[in-house]
Every structure is written in C-alpha cells, then in structure tokens.
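The values are calculated or read from the model by the stated rules, or taken from the named source; none is laboratory data. On a predicted model such as this, the values are computed, not experimentally measured, just so you know. Here the Cβ is made from the backbone with ideal geometry for all residues, glycine too, and neighbour counts use every protein chain on show. Each accessible area value is taken on the protein alone, full model and side chains, heavy atoms only, with ligands, DNA and RNA left out. Shrake-Rupley method; radii C 1.70, N 1.55, O 1.52, S 1.80 Å.
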Amino acid sequence: MTTAPPVATPATYSRIVDAARSILQSDDYPLPILPEVSVQLMELTANVDCDPKDIVDLFKRDPSLTGHLLRTANSIRYNSGQTVTSIQQAVARLGLLRIREIVMLISIQANVFKVAGFEKDVRTSFEKSLTTAAFSQAIARLRRLNVEDAFLCGLLHDIGRPVLLQALSDIRDDAADDEILDVVEEFRIPMACKLVLWWDLPERLATIIQHQQMPTETTEFDQQAAILNLSIDLANIALDGDTQMPENFTHPMIGVLNLYPDDVAHVLAQHTEILEWVRSAT
C-alpha cells in the first residue's frame, strides 16, 4: 500500500519557518565545513608570492581532490589545448586564481550540494550556480572588476538552499516537500551569507550575495551585485531547454553596468561553451 504524502498545513509551515529562523540565529548550529586541505589551499593561493611547490605538496595530501582537479583542468572551460596530466602542470598552466576557483567548486560540490531526498532540487541549484558563476566572471572581465569575486558570488549565491534542505530534512516525514522548499526559498539568501562568513571568506562577498535581488539597494559593491543579478537571469534562460538566448536581450542591470550592445552580445555568445562546461561538471 502506498503511503500518502504529508498534507501541507499552516501549523506545519509555521514550524518549518521557526526551525529555519532558529538555525539562522544560532551560533552553535553545525554548518558545513570545507575540507582542511581545501582551506589550506585557499589560504596559500591567496598569497601571490606563494611557492608553487607548496601548492603541489598540499594536493598530494588529498588524492581525491587531486583527481577532481585534473579532470576539471581538462574540461572545456580550463583546457588550453594540451592535456594536463599532473598537479605541477595544472598549477603552472592555470595560475593561482583558477586553482582557487576550482578548489572551491570541488569542495562545495562534494560537501554541500548533496542532500538525500532532494537530489533533483540540489542538482538544479548546483547547475544554476555554476552557470551564474561563469556568466558573472565573463561580465566582470568586461567591466574590469574582480573576476574571482564574481565567480565566487555566482557559485555561492544559492548555497543556502542545500544547507537549509539538509538542516530541515529531519522534519520531512511530517511536512510536505513543497512546504520545505517554500521556506528554503525564503531564507536561502541569509543562509548563504551566514555560510560565506562562517568560512571566513571576504565580507564583501556576503554583501554582494545579500543584495542579489535588489542590487541598487547597496551603495557599496552595487556593480558587483548588479553583475550577480544579471547573471542569475542569464543562467535561468540558458538552462531552460525550451528557450533560446534572445538576440535582443534587455535587462535593467545592463544600464546599471553601462554595458554596450556589443558587450551584451559577447556575453550571450558564450552560453553554449558555458553550458557544455556545466554539463561536464555536474
């Protein structure tokens, strides 16, 4: 006999909301942590004068991370035409910024974007985050803004979703999935900001992510928030299999960012390559 799914009720929804708020306000709730080697790599590569040998030695401590790095280094986004077969080659050819973004990508995919029972929702979130990150970086490069910040903000802008889905999964038996997903949608942005700060990433990233829906409400980092807002919408269009990238694309943030028509066309033209990379990485 098939068990009927839980029925949505105001009382249950209120309890889920209270649980989400409690998690956000708690200083003791065990948030996901990055692997120790990943943290050390992020700290090491933040120094432009770091010794490449130290990076290689750190990777050797984590064979799984090493394998992921080599696969990612040979993906369409990072491959320069020659196959990378060693960590030494990867570090030499990719450079510190690329290594940093790959390490973060691999770490959150393995440690955050996995929630039993919500696999489809989490996979969709991860695909959208990767696509947003790639578009954000492309736009930041045009505007001569920090491309690493742009990539990380795109990658982490929705990370509150899997974190909350995991945290609320223990009450899934007596709550409808739609209720949980609705609450997660409401609180995903503040949770993302909380996690960014928990990981000791720059506070400016949390500010940008916080204003992803209303970029003009921040006087600081408004351009970066506008890039994130625009990239999220570009990712949604690109990932919609029934929709083609429009030839005459309009968006409020195009004016905010002072992007010319040729700039917009240049970004849109990258969508096929971006999607190929996203599909290969998920």
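Worth a mention:
- Rg in Å to one decimal, and Dmax rounded to a whole Å, for region 143-234 via C-alpha atoms: 14.3, 50
- Here the chain has 50 percent of its accessible surface on carbon and sulfur atoms, given a 1.4 Å probe and all protein chains in place.
- Tyr78 accessible area, 1.4 Å probe, all protein chains in place, Å² to nearest 10: 20 Å²
- Fluctuation leader among Asp182, Asp158, Asp222 - the chain, Gaussian network, Cα springs under 10 angstrom: Asp182
- Full extension of the segment from Met245 to Val56, taken as 0.36 nm per residue of separation minus the current Cα-Cα distance, would add 64.0 nm.
- Positive minus negative residues near Lys114 (Lys, Arg vs Asp, Glu; Cβ under 15 Å): -1
- Using a Gaussian network model of the chain in which every pair of alpha carbons under 10 angstrom is joined by a spring, one finds that among Arg77, Arg61, Arg93 the greatest mean-square fluctuation is at Arg61.
- Measuring with a 1.4 angstrom probe and ignoring ligands and nucleic acids, Ser80 comes out at about 90 Å² accessible.
- Taking all protein chains together and rolling a 1.4 Å probe, Thr124 ends up with roughly 80 Å² accessible.
- Ranked from largest to smallest solvent-accessible area, with a 1.4 Å probe on the protein heavy atoms, Arg141, Arg161, Arg188 come out as Arg141, Arg161, Arg188.
- Using alpha-carbon coordinates, inclination of helix 36-45 to the longest axis of the chain, degrees: 40 degrees
- Whole-Hz couplings from phi, Karplus 6.51/-1.76/1.60, listed for region 116-133; x for Gly and Pro: 4, x, 10, 4, 5, 5, 6, 4, 4, 4, 5, 4, 5, 5, 5, 5, 4, 4
- In sequence order, calculated HN-Hα J values of region 181-188 (Karplus, 6.51, -1.76, 1.60; Hz; x Gly/Pro): 5, 5, 5, 4, 4, 5, 10, 5
- Listed residues Gln210, Gln88, Gln244, most fluctuating in the chain (Gaussian network, C-alpha, under 10 Å): Gln244
- What the chain shows is 50 Å² of accessible area per residue, with the surface traced by a 1.4 Å probe over protein heavy atoms.
- Cα-based reach from Lys120 at 21 Å (exclusive), listing lysines while leaving out same-chain residues under 8 positions away: Lys128
- Computed lengthening from Thr216 to Ile237, 0.36 nm per intervening residue step minus Cα-Cα distance: 5.3 nm
- Multiplying the residue separation of Tyr29 and Lys114 by 0.36 nm and subtracting their alpha-carbon distance yields 28.8 nm.
- The phi torsions of region 53-66, fed into the Karplus equation with coefficients 6.51, -1.76 and 1.60 and a -60° offset, translate into couplings of 4, 5, 5, 4, 4, 5, 4, 5, 6, 9, x, 5, 4, 4 Hz, rounded to whole numbers, with Gly and Pro shown as x.
- For the chain, calculated [θ]222 nm from helices alone, where every DSSP H run of n ≥ 4 adds -39500 (n - 2.57): -21000 deg cm²/dmol
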